[in-house]
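Following: one structure in structure tokens, then a few remarks.
The values are calculated or read from the model by the stated rules, or taken from the named source; none is laboratory data. Please read these numbers as outputs of a predicted model, since none were measured by experiment. Neighbour counts are summed over all protein chains in view; Cβ atoms, including those assigned to glycine, are modelled from backbone coordinates with ideal geometry. What goes into the accessible areas is simple: the full protein's heavy atoms, side chains included, and nothing from ligands, DNA or RNA. Shrake-Rupley method; radii C 1.70, N 1.55, O 1.52, S 1.80 Å.
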Amino acid sequence: MTNLASLQNHQIRLANRPVGMTTRENWQFTTEAVTEPAEGGVLVKTLSLSLDPAMRGWMNEGKSYIAPVEIGEVMRAGGIGKVVASKHESFAVGDLVTGGLGVQEYRQFAPAEIKRHGISKIDLRMGTITQWLNVLGMPGMTGYFGLMDVGQPKEGDVVVVSGASGAVGQTVGQLARIKGCRVVGIAGGKAKCDFVVNEMGFDACIDYKNEDVRAGLKTHCPDGIDIYFDNVGGEILDHVLARLRRKARIVICGAVSQYNSATGVQGPKNYLSLLVNRARMEGIVVFDYADRYPVAIAELAGYLKDGRMKSREDVVVGLETFPESLVKLFTGENFGKLVLQVASE
């Protein structure tokens, strides 16, 4: 049994709202004593955290699909942890769980917070800890429901995925291939493009850093695009809009290319293509599908097990590296799903 009195909880809190790219000055580092959970609650030790582009949006003030992180609040983050103390009948010491742990070493959950923060047990027979933050976690759920519910793929559809080597893009592209679609990725750099074609099984990939994206789309999608899964926004979205087929579906997942812009996110200039092609553009917020996560996890875990789906994670170590590690998402330094390892089991 862990001696809780001897433990200190190191936390990273939002000190001020960033303008443009985040820096270390946007964060406050605090330490608190670790205490026993309340009756019906649990205490979880953080093992690994998911670093996601959405975190940049959560730092901004203003109305969105989720309340912003408040100044002085521990930064929001999903993660995997281990139960170290429990007064809840459904959780035992040693259980591995997933949920909203925050950027800190420990988190205590009162009974009412367990469901609110999505705390649930995970089974390592279905996937590794890093896979539970990738294909079986929030990015995988985003890719699954964004493609299947919003994109509604049909066999033979041409699917284009931006941010193809990233966490969401990996799942979208591989799942689309499994469903019988032709898949073209867009990624930054030859290594990432080679990875999504040779390892992930995409049919083609356009290197936006070294190729003309508009020309690449014309080459690889000569008859147009049925589904575009957009993770980046910006001019790439406009290039895709120019090549839509009739009744095309555009899934708006994110706009990582613009999150750190001082002028804010700019909308597409070529949006009338939606009218001309009777196309549809719709957003995906993964939390809307929370009650169906188990169905998606079971299907995706099956693909991991039989080898039809692979995953790649980029693991950085140490809670103190969080400020610099988060920036990697916006500079393209990470290769695969970015995971922050806080502690080993």
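Listing for the model above:
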{"quantity": "Qualifying positions in segment 151-164 - open to solvent by less than 10 Å² (accessible area, probe 1.4 Å) and either under 17 Å from the mean Cα position of the chain (by Cα) or at positive phi (or both)", "calculated": "161, 162, 164"}
{"quantity": "Options 228, 271: the member that is among the hydroxyl-bearing types (Ser, Thr, Tyr) and within 23 Å of the chain's Cα centre (by Cα)", "calculated": "228"}
{"quantity": "Positions within segment 205-217 being small (Gly, Ala, Ser) and open to solvent by 10 Å² or more (accessible area, probe 1.4 Å), in sequence order", "calculated": "215"}
{"quantity": "Residue 234 being out of contact with any Phe, Trp or Tyr (no Cβ under 9 Å at 6 or more places or on another chain), open to solvent by 20 Å² or more (accessible area, probe 1.4 Å), under 26 Å from residue 138 (Cα atoms) and at pLDDT below 95", "calculated": "yes"}
{"quantity": "Residue 335 vs. criteria part of a helix (DSSP H, G or I), of a type outside the set (A, V, I, L, M) and touching a Phe, Trp or Tyr at 6+ places or on another chain (Cβ under 9 Å)", "calculated": "no"}
{"quantity": "Scope segment 54-75; condition touching a residue at least 60 places away in the same chain (Cβ under 8 Å), within 23 Å of residue 169 (Cβ to Cβ) and either among the acidic types (Asp, Glu) or open to solvent by less than 50 Å² (accessible area, probe 1.4 Å) (or both); matching residues", "calculated": "54, 55, 56, 57, 66"}
{"quantity": "Failed criterion for residue 117 (all others in (1) more than 16 Å from the chain's Cα centre (by Cα); (2) under 19 Å from residue 54 (Cα atoms); (3) touching a residue at least 24 places away in the same chain (Cβ under 8 Å) hold)", "calculated": "(3)"}
{"quantity": "Subset of segment 1-39 [over 18 Å from residue 330 (Cα atoms) and among the basic types (Lys, Arg)]", "calculated": "13"}
{"quantity": "Segment 115-135: number of residues that are at pLDDT 95 or above and farther than 26 Å from residue 304 by Cα", "calculated": "0"}
{"quantity": "Options 325, 311, 344: the member that is open to solvent by 60 Å² or more (accessible area, probe 1.4 Å) and of a type in the set (Gly, Ala, Ser)", "calculated": "344"}
{"quantity": "Top-ranked residue in segment 111-170 [being of a type in the set (A, V, I, L, M, F, W, C) and part of a loop (DSSP other than H, G, I, E, B); ranked as nearest to residue 216 (Cα to Cα)]", "calculated": "164"}
{"quantity": "Subset of segment 287-308 (residues that are of a type outside the set (Ser, Thr, Tyr), within 18 Å of residue 118 (Cβ to Cβ) and surrounded by fewer than 20 Cβ atoms within 10 Å (Cβ to Cβ))", "calculated": "287, 288, 290, 291, 292, 294, 295, 298"}
{"quantity": "Filtered residues of segment 171-199 (kept if open to solvent by 10 Å² or more (accessible area, probe 1.4 Å), part of a helix (DSSP H, G or I) and in contact (Cβ under 8 Å) with a residue 40 or more places away in the chain)", "calculated": "178, 191, 192, 195"}
{"quantity": "Residues of segment 200-239 classified as in a helix (DSSP H, G or I) and within 22 Å of residue 329 (Cβ to Cβ), total", "calculated": "5"}
{"quantity": "Near pairs, Cβ below 7 angstrom, 6+ apart or cross-chain, from segment 287-305 (within 11 Å of residue 141 (Cα to Cα)) to any residue that is of a type in the set (Phe, Trp, Tyr) and part of a helix (DSSP H, G or I)", "calculated": "289/145; 296/144; 296/145; 300/144"}
{"quantity": "Candidates 220, 239, filtered to the one that is under 26 Å from residue 56 (Cβ atoms) and open to solvent by 30 Å² or more (accessible area, probe 1.4 Å)", "calculated": "239"}
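Every residue, every condition in (1) touching a Lys or Arg at 6+ places or on another chain (Cβ under 9 Å); (2) at pLDDT 95 or above; (3) not β-branched (Val, Ile, Thr), yes or no:
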residue: 264; (1), (2), (3): no, no, yes
residue: 274; (1), (2), (3): yes, yes, yes
residue: 289; (1), (2), (3): no, yes, yes
residue: 295; (1), (2), (3): no, yes, no
residue: 299; (1), (2), (3): no, yes, yes
residue: 304; (1), (2), (3): yes, yes, yes
residue: 325; (1), (2), (3): no, yes, yes
